[in-house]
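Working notes, structure below.
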Amino acid sequence: MKLSNVPAALALAAALILCAYSCKPKNTANAVSADAAQKTYVPPGKYDEFYDFVSGGFSGQMSVYGLPSGRLLRVIPVFSVDPQAGYGYSEETKPMLNTSHGFIPWDDLHHIEASQTNGEIDGRWVFGNGNNTPRIARIDLSTYNTAEILELPNSAGNHSSPFTTENTEYIVAGTRFSVPPDNADGDVPIDSYKKNFLGTISFVSVDKNSGNMKIAFQLKIPGINLDLSHAGKGPSHGWFFFSCYNTEQAHTLLEVNASQRDKDFIMAINWKKAEEYLQQGKGVKQQVKYAHNVYDEKTQTASSTIETEVTVLDVMSLPGIAYMMPCPKSPHGCDVDPTGEYIVGSGKLAALIPVFSFNKMMDAINNKKFDGTYENIPVLKYEDVLYGEVKKPGLGPLHTEFDGKGNAYTSFFISSEIVKWNIKDLKVLDRAPTYYSIGHLSIPGGDTKKPNAKYVIAYNKITKDRYLPTGPELAQSAQLYDISGDKMQLILDFPTIGEPHYAQAIEASLIKDKSKKFYDIMQNENTYATKGEPNAKVVREGNKVHIYMTAIRSHLAPDNIEGVQVGDEVYFHFTNQEQDWDIPHGFAIKAANTAELLVMPGETRTLKWIPEKVGIYPFYCTDFCSALHQEMSGYIRISPKGSKVPLAFGTGDKAPGGKDTTTISK
Ligand code: RUQ
Ligand code: CUA
């Protein structure tokens, strides 16, 4: 490390931080246009025009808002346990959070990508990345359930993920942290980084019909940090672009040591070429361990399988897969315009935006015009691949989305603004302040071939004074801008859950009608489902007690249970008998330390409980489902271990000891 650079770089960083606050626009309130209320008002009983699927960042979840109202419609549990529905707590859903490191009940979800057909959002699934313990999740847009989670071996910090190709052939996942491969001895000195650390890009294939994910192959790349990515489209279909930083391969004080070079790279990956090598058997099978978790809609039960092999292609020894395009100042966002010709890089410390040309890149590659190699990967010349630079757009560009009318919208973290510019002549057309320090931004379909240029939404990193103060912790903030005219118009602020990174707004008409209303109980194949109250029962198998419980407005069956003992493993298999939209029932029992359940109509969920003390334990429905919801309850009697109290259960007349006699007195 060149020590002389440290003070200078730290001073720069400090100046940038200062600027993040001092450059914040004054007079925050008057930036709103007069007709904002009209534009965002969705009258009671009316629907929003878009669903906005927003990542929760460190909450590990995904939240769904209506646009333009900004109303929170739902939080979808993905990588973190969820107390509301018992996701990750119920026996049926625990396997979703299994990994090769065991049960991991939280993660950090950064990016959301919608499935595409012909480069357009098709409304089938959205994908999310687990950034910390590398995973990709697929969410089903008819049930809003996490349908699948796939762990990624040879990876750490799954940040440039889960971006898709134009027909969802692949979802990619690139490592933010390079590490020694999983099959190597990882017990190495950290300062042997350059020798032992490697990066990986996973290409995860998605089955056209079922959506099932599979690691098709992994690319072994040099030990650098990948940040973001987007697929080529149209003419550039078959390519993927990844922004890289830390090409210095530093392992400490990255703030300084990974900002040494004036330019890092955008790595262009020819995945069709990788497919050819794969077919020629050039892939190397590697023994690894990773979890593949699938939620089965029929049995309503998740299973987790540990997979043991991946096929790896080494881009440093297989020519033609990877090329490096120099990109200034620690590139972050990497976005491809709707035509597929322009690739926009965004240097976190840059004061310009480089726009690369796919055509020029192909010319340079075909003419073998290289400027040496980086770790055996051909490096292209900046001038040869550059279409042009947007000059003086702002400070600290991060991400770019497109409106499909030839314009691009770039977020600027340091100068806290969105800047609209024209792709053809690279001229800045408009700028709008954000409150404050915007990260990602999104336009419905803004990273596809067919954007819907009605709104741009800013996802801000800092909230400060935008809402009533709530102590040191403030909700993060999104902002909605009308972009239907020439100028951006701020029309709404709305708070978000966790830290919003990327998002995908989808036209409501594309998905709302296939939203499931309830599960057909006759098709419920859960092993422990109870169909019809007469089938409710309690079965003892050794020290395991299975309670097959039904719920229908407004009672539980059985609601009196006796003959269960301290130390028994008690399973409440709770089946909601309703066949009507929006009638969940809940289940909670005193002293259970595993879960509470919220069970949808026609669905079965299981709560496990090991009673530790003798006594009477009430249980009840937790969802106010009917006028007599408070009556929807029952008791279980827990006797000492080895007790002679016989197993007995029932409701009403069938309750142990018979019907209530105290209620009818003459
Ligand atoms: S990031 S603020 Cu994790 Cu997508 Cu750019
Ligand atoms: Cu069922 Cu309350």
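Coordinate-derived values only; no laboratory data. This one's a predicted model, so the numbers in the text were calculated from it and none came from an experiment. Every residue, glycine as well, gets a Cβ built from its backbone with ideal geometry; the counts of neighbours run over all protein chains shown.
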Computed lengthening from residue 647 to residue 192, 0.36 nm per intervening residue step minus Cα-Cα distance: 157.4 nm
From phi via Karplus (6.51, -1.76, 1.60), per-residue ³J(HN,Hα) for region 315-329 in Hz, x at Gly/Pro: 6, 7, 10, 9, x, x, 8, 10, 9, 10, 10, x, 9, x, 6
Region 537-590: equivalent-ellipsoid semi-axes (sqrt of 5 x gyration tensor eigenvalues, Cα, Å): 24, 10, 10
In Å, descending, principal axis extents of the Cα set of region 132-230: 49, 23, 19
Region 439-455 - phi-based ³J(HN,Hα) in whole Hz, Karplus 6.51/-1.76/1.60, Gly and Pro as x: x, 7, 9, 8, 10, x, x, x, 10, 10, 6, 10, x, 10, 7, 9, 9
Residue range of the chain that is longest and free of GluC sites (Glu not before Pro) which are both DSSP loop and sparsely packed (at most 11 other C-beta within 10 Å): 1-472
Residue 566 long-range amide H proximity, modeled H, under 5 Å: 639, 641
For region 198-346, alpha-carbon Rg over 2.2 N^0.38 Å: 1.19
Stokes-Einstein translational diffusion, region 567-626 - Kirkwood Rh over all Cα pairs, 1.002 mPa s, 20 °C, in µm²/s: 175 µm²/s
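Which value in deg cm²/dmol, rounded to the nearest 500, describes the helix-derived mean residue ellipticity at 222 nm for the chain, given -39,500 (n - 2.57) per DSSP H run of n ≥ 4 and division by the residue count?
-2000 deg cm²/dmol
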Rg ratio (alpha-carbon, reference 2.2 N^0.38 Å) - region 208-267: 1.48
Residues 140, 185, sorted so that the one with the fewest Cβ neighbours within 10 Å comes first: 185, 140
Taking all pairs of distinct alpha-carbon atoms in the chain, Kirkwood radius in angstrom: 26.9 Å
Computed over region 519-666: relative contact order in percent, which uses C-alpha pairs under 8 Å that are six or more apart: 27 percent
From phi via Karplus (6.51, -1.76, 1.60), per-residue ³J(HN,Hα) for region 391-402 in Hz, x at Gly/Pro: 8, 6, x, x, 10, x, x, 10, 9, 10, 10, 10
Separation between Cα centres of region 556-580 and region 597-666, rounded to whole Å: 7 Å
Rg ratio (alpha-carbon, reference 2.2 N^0.38 Å) - region 498-622: 1.27
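Enter the per residue convex hull volume of region 381-472, computed from alpha-carbon coordinates, in Å³ rounded to the nearest integer.
Residue-normalised Cα hull volume stands at 121 Å³.
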Pairs of alpha carbons in region 567-666 whose separation is greater than 21 Å (percent): 43 percent
Other-chain or far-sequence residues with amide H under 5 Å of residue 429's (modelled H): 420, 421, 422
Region 396-555: proportion of alpha-carbon pairs further apart than 18 angstrom, %: 68 percent
Cα gyration tensor shape for region 65-187, rounded if a/c is under 1.5, else prolate or oblate: oblate
